[in-house]
Structure formats: structure tokens, C-alpha cells
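Right, one structure below, let's go through it.
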2 protein chains.
Amino acid sequence: MSAPARQQASGLAQLEAVLAAGGPQLAHLLTSTEERLVQIGASHGQELGQHAADTLSAGGKRLRPLVVFLCAGEAAGDGTVSAAVAVELVHMATLVHDDVLDRAPLRRGRATVYKSAGRAAATQTGDFLFSRAFAELASTGSPEAVKTLSDAASALARGELMQRADAWSADVPPERYISRCTLKTARLFEAACRLGAIFGPSANGLNGALECLGSFGEKIGIAFQIFDDVLDVSGPPERTGKHRGTDLLDGTITLPLILARERRPELKDMDLRTAVTNPAEAEGLCERIADTGALTDAREEALTYVQQAKAALDEIDLPARQRRALELVADGVVERYA
Amino acid sequence: MSAPARQQASGLAQLEAVLAAGGPQLAHLLTSTEERLVQIGASHGQELGQHAADTLSAGGKRLRPLVVFLCAGEAAGDGTVSAAVAVELVHMATLVHDDVLDRAPLRRGRATVYKSAGRAAATQTGDFLFSRAFAELASTGSPEAVKTLSDAASALARGELMQRADAWSADVPPERYISRCTLKTARLFEAACRLGAIFGPSANGLNGALECLGSFGEKIGIAFQIFDDVLDVSGPPERTGKHRGTDLLDGTITLPLILARERRPELKDMDLRTAVTNPAEAEGLCERIADTGALTDAREEALTYVQQAKAALDEIDLPARQRRALELVADGVVERYA
């Protein structure tokens, strides 16, 4: 694995262990993924080239490609890198569109396409990355793979819409929050796992393995999102790279606030729009949420999904090294910055 | 064909003749397309449901599905309706995103998703329609079809970006304008024709027919876009449904202005940003462009592409009725409101 690829992937605390458990092929597959992403960014004309290249090389954890490879296992077929690239392209397309909607100037410490090129260029760069995802996946010759990813992409759009529909609401039940996490985050992890199974050795491709690995992906996706939402409240900013309580300032209702509101009627009655209008007020509310014990409970909830993810692996007969690597990833999604 | 479907398709002046030439199956296929679009809008949750349903039922000419069916011919296979639906979904997704970028309140006389639900919901509705297009096409089991459409969708994003990059420019050569039309409009018509060939009778599916029908689609796409740009300058507003010169107000540089600038140095030196700041000034510039004879020449250019489209059909052996219908469509794209 190249130094930049290693660095980009290092957001996952236990990456080194995962790489070790994943076998010698894994580092090679991740490097191929980086190379292909760069190639896609460079091969579609001057206008898009820079925006797409900037986005694609901006890195990130490449957690979804990693999950594709780990589910495919050591006998991964030819289409596996394309599948990993396609999942990452959909993920990036949605980040680019989110940055437009959030008017976000920075992501991962770099200027967003929105900031550097404007809303039109960013919207179209997102559309471009989206369409490249399906072209990439079509190149594998598997309509099942295309269907898997397009269904996840549709769920993602629904989840984002649901989040904005719930913004500022004082009445989001935990179940609805989990449904939203499932749509906006977990479906794509689930798709990554299913794609791994589709392109893995034939034994993996059996319906049983598809379902089990898909379930594993869904559960780690939910855990990932819950933990991400906990980090927004818990910080620390020097680790997360953003102020505490950015979700609160956006009106995004997440599990820590939902649980805190169940414990403290005065939080339930609070109108976020008027109570949290600046980072200092957001910080103050984060403290109040933490004081209720809601962060601990939300972390517990995330860990429950990690356990469910691992349990899903019991249903199939995986090589010990593959299973160990998947378990490390499951643990990793809730141990970031822990 | 149902009354609403007929009405939606009536933007194409010669539709009745096309339907007659296209055979009894055509009306049925167009009705199935409408039904499937409504079904897709209704089947993905409450949040998206209304936005998607509004968009999908808002109609339009359904010109791209029509072209898919005419290229597939009378022995069209099972996947043809899915292909037509997928092409229309990509077209609609880009319209929804364009409306966000243009902050457009109305399209086809109805409130846009942007206007009724805001930029976030509209961006996500576009993403949703986009992903549904690929799911729909994957259901046909043809990776070639998915690749064809995703390549067209990438071109579309590139073309839109190119248009915005060229905005307000005093120096857009005609060749670059044609390249832009090709990317932003013609590639999707080309894809529609290729998809028709893919799902048509096996003789159509041969490489020769794919290329010829693809070329037909590209040429009518370019003609369509040129003529659309002529209409923006020529009006009349009561037929186009918008003020004359909306492109000029947007800074969009189209063939009529490019040709007029070649003829009148004072137009070349004019800075659109300061010279055209309101509808009255746009109207005035439209008059000046028309006075140069540029509209006539741009129409001629469009007709040249129509002739090239028809000539592309010479290379394959099509049933007379199918060929007649395709020729009517080619004529139709430049005879709107004529």
C-alpha cells in the first residue's frame, strides 16, 4: 500500500490490524482503488477534470472499499475493484452534494468543490461522480451489482431528505432516527458488503452469504452513524476537526439529543432554532446532553449494533482471517478517536 | 394512448403522424412508460413520494422514450419500456437539478420541486431519480445498456459544466458551442437510440445498426438543441412559455448570438453582464440578433444536422414504417412552433 493510500485510510483506528488480517492482497486492492479513482477524475475533460480530481484525491478513509474487499475475501474476482470504486464514487457524489446544501467551505481540511468552483460546478461534479459509479459497475457485467448500488443510492437520497424533513423537530422518536441512519448510511455499507459477496468466491455469492454479509454491513452502518453523531456532541474538536454541536446548529436531530430529551423535560421543550444560534450555545447544549448520560447510552446502542453485525457472521462459514478482519472493522467503526 | 399521455406528448408538432407511422404498439409502449414513471414516483416512501411524483407526472414531450421505441422497432423486446423509462428519469433528474441551479420557480407551467420543497429536497429528488434510472435499467439484465446510459449521463454533467464555464464569454467559437450541445443534449438522444437498438430485434442490435441509430440520435440531439436556442431568441413568448432572451440574461452563449457577433463587431465588443440586465434589454438584443440574419443561419445549421440524421438511416435496412417514423421525429425537432 502506498504511503498516501495508507495515510488516507488511517482514519480507521485499527487499520493496520485490519490490513494484517486482510492478507497481502488487501493492500494491493486498496492501492488499485486509489489509482482507478485518480484515473476516473483525469479522463473526462478539462472542465470536470479538476473538480473531480480534487474530490477523488481528497481521500477519506476508503472504509467502504475496504469493506467490499473484506467481504469478497481472498479469492476476490475481477470486478471487485470496480465495485469498490463504484461504492466510493456514490459516497463521494453525495458528499459533494451535501457540501453544496450545507454551503460547506471545507472537508477533510481541503476546500470543497462548492467553495472552490461554486454551486453549479459542485452539483454537476456530484452528478458526474454518480454516473461514473454506474458506468464503473456496468463494466463488471453484473446487472445484480448495478441494482444493488442503485437501490442503496436511492435509499441514501431518501435518508437525506428524511433528515432535512426532521430538522429542528422536537419530536423524532428513536425508531425514526434509526430508520434514517439505515437509509442514509447503512444501506450503502450493506451494498458494499453485498457487492463483496457478489464478486467474491462462488461460495460467498450464495444467497445465504449475500444476506448475512448484507446484514453485517447494515449493522455496522447504523453503528457508524450513531457513533458519528455521538462524536459531534462529545468531540473533542481537535480530533473530529469541527466544533462540537454542528448538528445542533444545523437542526439535525440525532440520538444523543433524542435520548437527552427523554431524560430532561426542559430539553424536550427547548426550541433548537432559538436556543442554539452560535457555536458557544451549541457547546453549552452539548454539555447539557452529556450531563444526562445520553452519550454513554448512545454509545451502548452503537455497540449493540456492532454485536449484531458480528453475530450475522455466525451464519456463514468464513475463513478465520477474513472473519477476524471483518470483526476488526466492526469494532473500528465505534472506536474512532476512543 | 390515454388522453393525458397524448397531451403530454403533443409538444412534438407531428406527433400524430409519428404515432400513426410508429404502429399500434407505440401508443401502448408510451402509456406503459407513463404508468411505470408514476409507479416509481409512488413506491419510495412518503418523503420523496410527493416530490418525485410531482416531477414524474409533470409530463413533457416524452420525446426520448419515443425515440427509444422508434429505434427498437415493432419487435421491441421486454426491456424496451425500462430503457425508455430510464432515459426519461435521467433527463428529469437533470431538469430538477437545473431548476435548483437556476432557482427556477416554474417548469411546464407547474411549480418546480425547488420552488415547492426547497433546494435540499430538489437536489435529493434529482439524485433519487438518477439512481432509479440505473436500477430500472439494471432490471433489464443488460450491462451494456447501463454503460450506455451512464456514459450519456456523465457527458450531460460535463456539458452543463462547460455551459456554465462559458457563461458571459465573448469568445465562444461555433465548434465549442456544438461540442457543448453534443455533451449536454445529443449524447442522451444518442443513448436513447442505442438503447432502442439494444432492445430491438436482433438485426437492430448488430454493431452497424447500433452505430447508425446512435449517429441518428446524436444528430437530432444537436439539431434539437440549436433549435431550442433559436426559439429562445425568436420566441414568440406565447408559444415558448417564456420571455425572449432568457439565455442572454443567464449569460448562456448560444449559436444565434455567436453568429450575430461574427457579423456585427459592436455585438462582439458588448459585455452581456452590463448590456443585458433585464427582460426589456434581453428583448432588445434578441431584435438586434434577428436583424443580422443569425436566426435564419442557425435554423439552417439545425436543418443540416437533421439531414445528417436522416442520412445515417441510409446505412441500415429498416422497415419502411419505422424509417418514416424516425424521419418524422427528425423533422419534428426543428419544426416545433414553426
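Quick notes
- A Förster radius of 56 Å combined with the Cβ-Cβ distance from residue A:269 to residue B:238 puts the calculated FRET efficiency at roughly 0.50.
- Convex hull (Cα only) mean projected area of chain B, reported in nm² to one decimal: 15.7
- Lysine-lysine proximity count for chain A, Cα under 27 Å, sequence distance 8 or more or distinct chains: 18
- Relative contact order of segment A:145-293, defined on C-alpha pairs under 8 angstrom at six or more residues apart (%): 24
- Structure-based [θ]222 nm, the protein assembly as shown - -39500 (n - 2.57) summed over DSSP H runs of at least 4, per residue, nearest 500: -23500 deg cm²/dmol
- Taking every alpha-carbon pair under 8 Å whose residues sit at least 6 apart, chain A reaches a relative contact order of 20 percent.
- Inter-copy spacing of residue B:321 label points, which lie 7 Å from Cα along Cα→Cβ, given in nm from shortest upward: 6.3
- Nonlocal amide H pairs with residue B:106, under 5 Å, H built at 1.01 Å: B:112
- Computed log₁₀ I(q)/I(0) - Debye formula, equal Cα scatterers, no solvent, the protein assembly as shown, q 0.07, 0.12 Å⁻¹: -0.49, -1.27
- Extended-chain gain in nm, criterion 0.36 nm per residue less alpha-carbon gap, residue B:249 and residue B:287: 12.2 nm
- Counting only the Cα atoms, segment A:115-218 fills a convex hull of 116 Å³ per residue.
- Gyration tensor verdict on segment B:234-300 (Cα atoms; rounded if a/c is under 1.5, prolate if a/b is larger than b/c, oblate otherwise): oblate
- Backbone N under 19 Å from the residue A:170 label point (7 Å along Cα→Cβ), restricted to segment A:227-258: A:248-258
Readers should treat all values here as calculations from the given coordinates under stated rules, not as data from a laboratory. Not measured: the values here are computed from a predicted model. Note that we place each Cβ from the backbone using ideal geometry, even for glycine, and neighbour counts take in every protein chain shown.
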